[in-house]
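No lab work stands behind these numbers, since they all come straight from the coordinates. Source: prediction; values computed, not measured. Positions of Cβ are backbone-derived with ideal geometry, glycine not excepted, and every protein chain shown enters the neighbour counts.
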Amino acid sequence: MSNKSILITGCSSGIGLHAALTLSARGYQVFATARKEQDVAMLQEKGLTAYLLDVTKTESIADTLAKVLEQTDGQLDFLFNNGAYGQPGALEDLSTEALKAQFDTNVFGWHELTKQVIPVMRQQGHGRIIQCSSVLGFVSMAYRGAYNASKYAIEGLTDTLRLELKLANIDVVLLQPGPINTQFRANALAAFQQNIDIDASAHKKEYQQQIERLSSGKSNAAFTLEPLDVTKALIHALESKRPQLRYRITTPTKIFAVFKRILPARWLDFMLAKG
């Protein structure tokens, strides 16, 4: 059990929602956040302290963080950067504006929130920042280029932060889930339909498979796990005296981490192309 404070982004469903509810039951002082008013209301109905947070707006980050710090006497033990979405589509079909929007939420928003939290953790002399990356943060799959790139960026930023904050007694940890049953596919399908001109694309045939995959209520990928499995890793990352640098969650993540090290790049490309 813990009475430590944690700010979590992306709590409207899936990983963030499960983590917020579980950690609250475990005794943490949880501050759950979401981008939409109705989701904040839902979180509050579930008994959570919840705030509106749009990580693409600096003023929203500052306002929400100020509200959190009012409740904690100016301290924050943990930050869990989780809120993100996937923009599917071949890179040649993706506008630069759509790619920027992917980075605004998945990378730049996390950076801004983390930047505002670090001085708080420095002042109190401790802290831990947990970043929810992905297996696609170190291997790439076709038609997921925008998301791949955003998670590769998170991996690089996290590795650098870990080095820079070592002397400040602030741990920086990566979670690397593979396929998890969440609303991620539904949100990705909406982004796909909004930003990709399917009929005009050279990839039209392949897109039909992508639409079928994203339209499924549950992941059809092998070894798909539940948000619970991410929360288990998160709890270890929060409570271990010496957390792992990376938590590889799901069998595909563990397998591809090995393959990335031992296989020639062309062999790995061949395997990933089949996915």
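Straight-line reach only, C-alpha to C-alpha below 17 angstrom: list the lysines that K100 could link to, leaving out same-chain residues fewer than 8 apart.
K100 reaches K57, K151.
Can you tell me the dipole magnitude for the chain around its Cα centre, using point charges on the Cβ only (Lys, Arg +1; Asp, Glu -1), in Debye to the nearest 20?
1080 debye
Apply 1/(1 + (r/R0)^6) to the Cβ-Cβ distance of E70 and S95, taking R0 = 51 Å, and write down the FRET efficiency to the nearest 0.05.
The pair E70/S95 has a calculated efficiency of 0.80.
Cα centroids of region 94-143 and region 15-48: how far apart, whole angstrom?
20 Å
Quick one: if the Förster radius is 41 Å, what FRET efficiency do A273 and Q183 give, using the C-beta to C-beta distance and rounding to 0.05?
0.90
Alpha carbon centre of region 219-268 versus region 148-197: separation in Å?
Cα centres, region 219-268 to region 148-197: 13 Å.
Over region 5-273, calculate the relative contact order: mean separation of alpha carbon pairs under 8 Å at least 6 apart, over the residue count, as a percent.
Reported as a whole number, the value is 19 percent.
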